[in-house]
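Asks: One structure follows; several queries about it will come next.
The values are calculated or read from the model by the stated rules, or taken from the named source; none is laboratory data. Model, not experiment: these values are computed from the prediction. FYI the Cβ positions are ideal-geometry reconstructions off the backbone, even for glycines, and counts take in every protein chain you see.
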Amino acid sequence: MPYFNMGRMFLLPSFDLEAEEQEKIRRFLDLLDRSGVERVILKYINNRSALGGRPNSNYFRLFATVVYGFAFGFETLRELEEACRFDLRFISLMEQVRPSYTTFAAFINNVIVPNELEIFSMVNAQIAKDLGIPFEDAYIDGSKFEANANKYKFVWKPTTFHRRVSATAGELIRRYGLIDGYREEELIRSATVAFAISRLSGMRGRMGDGEHAAAEKTLLTLLSKVIEYEEKERICGPSRNSYYKTDHDATAMCLKSDYYSGLGTNMHAAYNTQILVIKGVVFMYYVSQSRADMGDFIPVIDRFRDSYGEYPRNICADAGYGSLENYRYLKEHGIGNYVKFQSWEGNLNGTRPDQYRYVGKSIRCLNGNMGYPVQMESRHPKKKNGVFYRVTGCNSCAFMPYCKQYMTDLSADEKIFEVVEEFQLLKQEAEENLLSTKGIEIRVNRSIQVEGVFGIEKQNHGYDRARRRGLERVSAETMLTLLGLNIRKLFRFYEGKCIDRFWTAPSDMKPQEFKKPSAKRLSKKGQKTNKRMRDGIEKGKTN
């Protein structure tokens, strides 16, 4: 049963749409019908117009109009309202009904926001069928979008101040014996201070009036501070250190585009948006409060799996996602690992290569010397599952100044490396994939596809700042924006144009190899770094 193509368009001849445009809109509505998204909308239809009052708007037409508006540049509530009055495309979509901006706001907040991910996956699954897109090579990247909040209204998590208050309150509690068997709390709770004040009131006769009044005043002041700090810490949560008064879900971040100073050093209220792209179509998104991308890698893939029932065959991402946890996740789920690691660029061009490679149960340094596991009684690994390896023969090695650039003692004829063996194996597996012919093709297409999406939205359409406030509403707005981008691609297909073609590696292409590092150049770089480090140490001693 069709839910979107329900009525015959009734327009005066002088206001008729072109036949080509009518056909594209018809196919767009037919796509929404076949996507099954009506199952979500039907749950919210409760037409009580028979009891009196203004008839409810057609929710199916409202949804189609909102998605169409976000696809073609009508993204604010006022723009949608105005388009339904003067734009023939929107007039036909709404069947000449003119909803107000409040109607659009209520529909988005009540219907789209609670079901954003389900709506997004349903429509995109149908787009994938229509365009014949297999879930093979996927690309993940992230970008920060400024929040709709005032720059000067940010609040930092008051952990340091809370510790100071805890120390002061704990000293008073121990001095007057206000709590039996009191154990000092790193971040004292307001309930603890309040209980101490109640115990203090019962000691009025055993203390001087002046001393009692002073202690009570101090504890009351501390109690108000602790309550304030607890509220701020509750809003921040365990995973971030700041929020904004005008948007509690926004986090202080440095943006590449800094219109305050142009240096990218000022704090802006922002959200971190991750996307997963296949063949130029955005199939998944994830809006978070994270200041770095690395921790959002797995949630994006999990959401993709929950929405479409399968994992992509291969995943490519930049070096910001190259961690042991992310590599391990790809290995466990049988996903091709084309994720760069932190030292990828330095290895590729030879300007800052890794100082060793893991070979079986040993390592090989830049000069070819082998290193083997060693027990260090005076040192403990800094990393989980870290193992110490010793490489000897450093004094006669041309790479020595580079390998020991951060060491103060250069006389030792050895160097100790801390190696996480599992991470090295997974990293070298990613390296082998990235240097292969398939890896070259994926790397070229990554910069085109996933970074191209952010370029289109930020540069072409000027969308670099959220219009709504709150994580849920910003996430729904991001969903509609990305769904609109997919709909624009679909309309290109309706116009008879091919969807984006991406580069394919020639059959005779050979795998790439890392550039051979120059010992002379690396030694000079290492000597300069070591000199700056030593000068800094000497300057610190004199100060």
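Asks: If we keep just the residues of the stretch 460-507 that are modelled with pLDDT under 90 and of a type in the set (V, I, T), which is farthest from F70 (Cα to Cα)?
Replies: Of everything passing the filter in the stretch 460-507, T504 is farthest from F70 (Cα to Cα).
Asks: Further, regarding this structure: Within the stretch 368-394, can you find the residues that are surrounded by 13 or more Cβ atoms within 10 Å (Cβ to Cβ) and out of contact with any strand residue (DSSP E or B) (no Cβ under 6 Å at 6 or more places or on another chain)?
Replies: G393
Asks: Before we move on, is K217 closer than 30 Å to N148 by Cβ, of a type outside the set (S, T, N, Q) and at pLDDT 90 or above? Please lay out each step first, then the result.
Replies: Values: closer than 30 Å to N148 by Cβ: no; of a type outside the set (S, T, N, Q): yes; at pLDDT 90 or above: yes.
Spelling it out, it is not the case that K217 is closer than 30 Å to N148 by Cβ, of a type outside the set (S, T, N, Q) and at pLDDT 90 or above.
Asks: Can I ask one more? Filtering the stretch 2-38 down to residues that are loosely packed, with under 12 Cβ neighbours inside 10 Å and within 20 Å of S57 (Cβ to Cβ), which residue is modelled with the highest pLDDT?
Replies: Residues of the stretch 2-38 loosely packed, with under 12 Cβ neighbours inside 10 Å: 7-8, 10, 12-15, 18-20.
From what is left, the residues that are within 20 Å of S57 (Cβ to Cβ) are 7-8, 10.
Values: G7: 59, R8: 56, F10: 54.
My answer is G7.
Asks: For a quick check of your reading of the model, give me the residue pairs whose first member lies in the stretch 268-282 and is outside the structural domain of I315 (by TED's automatic domain parsing), whose second is of a type in the set (S, T, Y) and in a strand (DSSP E or B), with beta-carbon atoms closer than 6 Å and at least 6 apart or on different chains.
Replies: Cβ pairs passing all conditions: none.
Asks: Scan the stretch 172-192 residue by residue and report those that are of a type outside the set (S, T, Y) and surrounded by 12 or more Cβ atoms within 10 Å (Cβ to Cβ).
Replies: L172, I173, R174, L178, I179, E184, E185, L187, I188, R189
Asks: Out of the stretch 413-453, which residues are in contact with a Cys (Cβ under 7 Å, 6 or more places away or on another chain) and either not assigned by TED's automatic domain parsing to the domain that holds N337 or not basic (K, R) (or both)?
Replies: Answer for the stretch 413-453, where residues must be in contact with a Cys (Cβ under 7 Å, 6 or more places away or on another chain) and either not assigned by TED's automatic domain parsing to the domain that holds N337 or not basic (K, R) (or both): D413, E414, K415, I442.
Table: residues versus (1) part of a helix (DSSP H, G or I); (2) out of contact with any Pro (no Cβ under 9 Å at 6 or more places or on another chain); (3) at negative phi.
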{"position": "P506", "(1), (2), (3)": "no, yes, yes"}
{"position": "K515", "(1), (2), (3)": "no, no, yes"}
{"position": "Q527", "(1), (2), (3)": "yes, no, yes"}
{"position": "R534", "(1), (2), (3)": "yes, yes, yes"}
{"position": "K539", "(1), (2), (3)": "yes, yes, yes"}
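Asks: Here's something else I'd like to know. Look at the stretch 141-161 and say how many of its residues are in a helix (DSSP H, G or I) and either crowded, with 21+ Cβ neighbours inside 10 Å or touching a His at 6+ places or on another chain (Cβ under 9 Å) (or both).
Replies: Taking the stretch 141-161 first, the residues in a helix (DSSP H, G or I) are 151-153, 159-161.
Narrowing further to those that are either crowded, with 21+ Cβ neighbours inside 10 Å or touching a His at 6+ places or on another chain (Cβ under 9 Å) (or both): 151.
Qualifying residue count, the stretch 141-161: 1.
Asks: Still on this structure, I have one more. Could you tell me which residue of the stretch 70-97 is modelled with the lowest pLDDT, considering only residues that are farther than 25 Å from R469 by Cα, exposed (fewer than 15 other Cβ atoms within 10 Å of the Cβ) and of a type in the set (D, E, K, R)?
Replies: Residue satisfying both the conditions and the ranking: E95.
Asks: Of the conditions (1) closer than 30 Å to D130 by Cα; (2) modelled with pLDDT under 95; (3) not β-branched (V, I, T), Y259 clears all except one; give me its number.
Replies: (1)
Asks: Any chance you could count how many residues in the stretch 270-312 are small (G, A, S) and more than 26 Å from V444 (Cα to Cα)?
Replies: Result for the stretch 270-312: 5.
Asks: Now a separate question. Would you confirm, using the coordinates I've provided, whether A106 is in a helix (DSSP H, G or I), without any contact (Cβ under 8 Å) to a residue 40 or more places away in the chain and not assigned by TED's automatic domain parsing to the domain that holds S190? First the steps, then the outcome.
Replies: Details: in a helix (DSSP H, G or I): yes; without any contact (Cβ under 8 Å) to a residue 40 or more places away in the chain: yes; not assigned by TED's automatic domain parsing to the domain that holds S190: yes.
Yes; evaluated as a whole, the condition is true for this residue.
Asks: A further question on this structure: From A138, A196, A214, A191, grab the single residue that is of a type in the set (A, V, I, L, M) and either assigned to a strand (DSSP E or B) or closer than 30 Å to I335 by Cβ (or both).
Replies: Numbers: A196 fails: either assigned to a strand (DSSP E or B) or closer than 30 Å to I335 by Cβ (or both); A214 fails: either assigned to a strand (DSSP E or B) or closer than 30 Å to I335 by Cβ (or both); A191 fails: either assigned to a strand (DSSP E or B) or closer than 30 Å to I335 by Cβ (or both).
Of the residues listed, the single one that is of a type in the set (A, V, I, L, M) and either assigned to a strand (DSSP E or B) or closer than 30 Å to I335 by Cβ (or both) is A138.
Asks: Looking at the stretch 446-461, can you tell me whether even one residue there is polar (S, T, N, Q), within 20 Å of the chain's Cα centre (by Cα) and surrounded by 16 or more Cβ atoms within 10 Å (Cβ to Cβ)?
Replies: Within the stretch 446-461 (the criterion being polar (S, T, N, Q), within 20 Å of the chain's Cα centre (by Cα) and surrounded by 16 or more Cβ atoms within 10 Å (Cβ to Cβ)), the answer is yes, since at least one residue qualifies.
Asks: When you go through G177, G208, G170 one by one, which is the residue that is over 34 Å from the mean Cα position of the chain (by Cα) and under 30 Å from Y243 (Cα atoms)? First the steps, then the outcome.
Replies: Details: G177 fails: under 30 Å from Y243 (Cα atoms); G208 fails: under 30 Å from Y243 (Cα atoms).
On inspection, the qualifying residue turns out to be G170.
Asks: Please go through the stretch 234-254 and give me each residue that is of a type outside the set (G, A, S), out of contact with any helix residue (DSSP H, G or I) (no Cβ under 7 Å at 6 or more places or on another chain) and outside any strand (DSSP E or B), ordered by number.
Replies: If the condition is that a residue be of a type outside the set (G, A, S), out of contact with any helix residue (DSSP H, G or I) (no Cβ under 7 Å at 6 or more places or on another chain) and outside any strand (DSSP E or B), then R234, I235, C236, P238, R240, N241 are the ones that fit.
Asks: Name the residues in the stretch 395-438 that are in a loop (DSSP other than H, G, I, E, B) and either among the polar types (S, T, N, Q) or out of contact with any strand residue (DSSP E or B) (no Cβ under 9 Å at 6 or more places or on another chain) (or both), would you?
Replies: Within the stretch 395-438, N395, S396, A398, Q405, Y406, T408, D409, L410, S411, A412, S436 meet the criteria.
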